[in-house]
Amino acid sequence: MKQVLTTMCRQLSVCAIIAFSLTVPVHAQTPVQEKIPVENFFKISQIQKVQMSPDGKSIGMLAMNKDQRLVLSVMDTATLAPRIVAGYDKTDVVSFYWVNSRRLIFDTNDIRAPLGESRGGNGIFAVNSDGTQFRTLIGNVGDDKARVLNRVHELHSTIGSNETDIVYVVRQTGTRKNPTAALLKLDTVTGRNEVVPTPVNSVDFMMDKSGQARIAVTSVDNLTGIEYKDEKTQQWRNLITFDSIKEDGFVPTFFAPDGQLYVKAHNGQDTTSIYSYDLEKNKIDSTPLVSTKGFDFQGGYEKGFDFSDGFVFNKKQNKLLGVIYETDAGGALWLDEKWKSYQAKIDKALPNTVNTLSGGENSDDEFIVINSHSDIHPASFLIYNTKTDKFTAIGDRKPDVDSKAMSYKDFVRIKVRDGLEIPTYVTIPRNSTGKNLPMVVMVHGGPHLRGVHWDWNAETQFLASRGYVVIEPEFRSSQGYGKALYKAGWKQWGLAMQDDVTDITKWAIEKGYVDPKRICIAGASYGGYAVLMGLIKEPEMYRCGISWVGVTDINLLYDVTWSDTAGTKGTRIGMPILIGDQEKDAAQLKATSPVELASRLTKPLILAYGIEDRRVPLVHGERFKKALPASTKVEWITYTGEGHGWRQLKNNVDFWTRVEKFLEENTAVK
């Protein structure tokens, strides 16, 4: 097969319009000559998303223009001539989807604005791929006369059929205590909308491949219901009701054209898999169709692509082509022999990267969009012509990142003190000896989610570029690795969850990767909490800590009325089970709250918060800072216009520059 690599900048005058670098990744290991600027790691991605139109004749792309504003462009696959169809001077296009092969829907927001100035976004709009028939669909303020919905509405899904301009939107209903949603069909050309009858207490919906609502998920307190609209009777009936926290239940994932429903379920196993569901018998099949050993099935994890829970379907061919999934890294199971061969050819041409493929769901698969990425490469987007075997580079997600200077991330499972295996990612600095190095233990937030992926991560790579081993444990309570690991973390804040972090740190010492006298711990949100508890519980292990937007008092998670979780179902029902009941577990919550133990923290600490943070409000940091001994060295940092993390480049550069200096001071050989 003759592989032809071409660069669009040489073919067309695209770079002047879109302003991104176009390179195919090369991963040869070469010496790093100089320190990489901090901003190179934290700049906003130049390409955010690439998606083929349903008919496969056009490509939509969300990318930076020369003024560093995100714009929506469309180019024909035949000519590869790009045209901007939506772009603004003072705001950004932040997401888009194809309504059909000639029309797109997109959302806007100012990504540069401080958080308090941009909350709520600007609106949702539709436009044809040639830039005509622009229409406002959802605005900050509704207008019945102009058929503009208000911001209690949001896009739910597109149908992707060339015969319709309809999309589905949901209207937020119910209360903060028990939120619900109404489903509406919205015509993106006329603005007319129509309410779709759905069961009471619905919160989410799933459509079949013809675009009809067939599944409604209901929620009342801790109970989740799965309701099915029978195609024959056109009536809704209940498939299952279960306790969403304590019981497994199942998650509907995909409707095949023949009416077969596929679900994600444990079905008696530790990890979730994909099963077929018998709608006549109301029963999950006993044999999984797709199972990922050691991992819960997770489909479609790819930045810049859209997948229906991992299922890749071609409507024109009326065929399920394959399944995109994630284990320790991304992968694909192709059921179609042609796509299996495409994957093999592309992987041979682009080795050392995960190459995720996407086509038009109503196309003949002449063109395929490739997302080529890895732990050391943020991503390159390319077009592959299946008839000519020709590759055309679209561009790089982060052109300022040199993958040859990045460090590899490895996945391991480490047994801790009680025998539980903790999935862990380890990044060792490139061109280092890999022995006796300084280390940063990075604790993810959440914490009840999958916190780490085998992809390029700005924080990890920045620290590795400065010579630090970075270890990222998926401690108990993390999701994605089975319910045993997840449930082992219930009510274990500051206890077994913290012990996992300690044991993983000891493992790295035993392996000889790190100098035991040059270890610091870092993290945000729950990770920030774990930093404080680590410094308190293991003062001899860590030389310093970096906590940003961190929880300092578990009771404040319940008591702060102005947080964005106050009074929500998660706070009322989930937190007492996952973290602890304020009354029944009062002694434990007090004993595991850093603010109550602050007098024991003596190591140097960075403590940083966003003034606008409504998830972990500033009061967490203020109370903890006040409770610390006067002798504790604390670098107190606050950012105006920031919330639960840093969105502005200037603040990211400032923060990580401070972190670099702080680490140098506290991990230097003495």
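By accessible area of protein heavy atoms, probe 1.4 Å, what ranking do PHE311, PHE134 get, highest first? Working shown, then result.
On the way: PHE311 15, PHE134 105 Å².
The ordering from most to least exposed comes out as PHE134, PHE311.
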Worksheet entry | Accessible-area value, HIS448, 1.4 Å probe, nucleic acids and ligands omitted, Å² | 40
Worksheet, complete the sentence: A chain fully extended from ARG623 to ASP389 at 0.36 nm per residue, minus the present Cα-Cα distance, gains in nm 78.1 nm
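Taking a 25 Å limit on the Cα-Cα distance, which of the listed pairs LYS340/LYS415; LYS232/LYS483; LYS185/LYS316 fall beyond it? Intermediate values should be presented prior to the final figure.
Working: LYS340/LYS415 36 Å; LYS232/LYS483 37 Å; LYS185/LYS316 23 Å.
Long pairs (Cα-Cα over 25 Å): LYS340/LYS415; LYS232/LYS483.
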Worksheet item: Sorted by accessible area (1.4 Å probe), largest first, how do ASP55, ASP204 line up?
Response: ASP204, ASP55
Discussion item. From the phi angles alone, apply the Karplus equation (6.51, -1.76, 1.60; θ = phi - 60°) to the range 151-158 and give each ³J(HN,Hα) in whole Hz, x where the residue is Gly or Pro.
Written reply: 7, 7, 9, 8, 5, 9, 6, 9
Worksheet entry | Integer Hz, Karplus 6.51/-1.76/1.60 couplings in order for the range 87-92, x for Gly and Pro | x, 9, 7, 10, 8, 10
Worksheet item: If R0 is 22 Å, what FRET efficiency do you get for THR173 and THR241 from their C-beta distance, rounded to 0.05?
Response: 0.60
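Let me check something: with ligands and nucleic acids excluded, how do ARG171, ARG430, ARG112 order by accessible area (1.4 Å probe), largest to smallest? Don't skip to the end; give the middle numbers.
Details: ARG171 75, ARG430 25, ARG112 115 Å².
Output order, biggest surface exposure first: ARG112, ARG171, ARG430.
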Discussion item. Where in the chain is the longest stretch that carries no GluC sites (Glu not before Pro) classed as loop by DSSP and with at most 13 other Cβ atoms within 10 Å?
Written reply: 281-539
Discussion item. At 1.4 Å probe size, what's the solvent-accessible area of ASP328? Round to the nearest 10 Å².
Written reply: 60
Worksheet entry | Cβ-based net charge around TYR513, under 12 Å, with every Lys or Arg adding one and every Asp or Glu removing one | +1
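Taking a probe of 1.4 Å, how large is the accessible area per residue of the chain, in Å²?
41
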Worksheet item: Expressed in nm to one decimal, what extension gain is obtained for the pair LYS415 and GLU366 from 0.36 nm per residue of sequence separation less their Cα-Cα distance?
Response: 12.9 nm
Discussion item. Need one number: nm distance between label points at ASP559 and ASP230, each 7 Å from Cα along Cα→Cβ, rounded to one decimal.
Written reply: 5.4
Worksheet item: How much net charge surrounds ALA216 when only other residues with a Cβ under 9 Å from its Cβ are counted (Lys, Arg +1; Asp, Glu -1)?
Response: 0
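Calculate what fraction, in whole %, of the accessible area of the chain sits on carbon and sulfur atoms when a 1.4 Å probe is rolled over the protein chains. Intermediate results must be reported in sequence, preceding the final value.
On the way: 13360 of 27480 Å².
Percent of accessible area from carbon and sulfur atoms in the chain: 49.
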Item to complete: For the range 543-583 and the range 182-208, compute the distance between their C-alpha centroids and round to whole Å.
Response: 34
Practice prompt. Excluding residues on the same chain fewer than 8 positions from LYS49, give the lysines whose Cα lies under 23 Å from its Cα.
Written response: LYS57, LYS66, LYS90, LYS303, LYS315, LYS390, LYS398
Worksheet item: At what distance in angstrom do the alpha carbon centres of the range 141-171 and the range 330-409 lie from each other?
Response: 33
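Using only helices, what value at 222 nm comes out for the chain when you add -39,500 (n - 2.57) per DSSP H run of length 4 or more and divide by the total residues, to the nearest 500 deg cm²/dmol?
It comes out at -4500 deg cm²/dmol, rounded to the nearest 500.
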Worksheet item: Distance from the Cα centre of the range 40-119 to that of the range 610-657, in angstrom?
Response: 32
Worksheet item: So how much slack lies between LYS316 and ASP278, counting 0.36 nm per residue of separation and subtracting their Cα-Cα distance, in nm?
Response: 11.1 nm
Worksheet item: Can you give the accessible area of ASP89, probe radius 1.4 Å, in Å² rounded to 10?
Response: 140
Worksheet item: Along the positive direction of the dipole of the chain (beta-carbon charges: Lys, Arg +1; Asp, Glu -1; about the Cα centre), which of VAL263, LEU649, TYR325 reaches farthest?
Response: LEU649
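The values are calculated or read from the model by the stated rules, or taken from the named source; none is laboratory data. Everything quoted here is computed from the prediction, not taken from an experiment. Please note: Cβ atoms are built from the backbone with ideal geometry, for glycine as well, and neighbour counts cover all protein chains shown. Please note that ligands, DNA and RNA were not included when accessible areas were found on the heavy atoms of the full protein model with its side chains. Shrake-Rupley method; radii C 1.70, N 1.55, O 1.52, S 1.80 Å.
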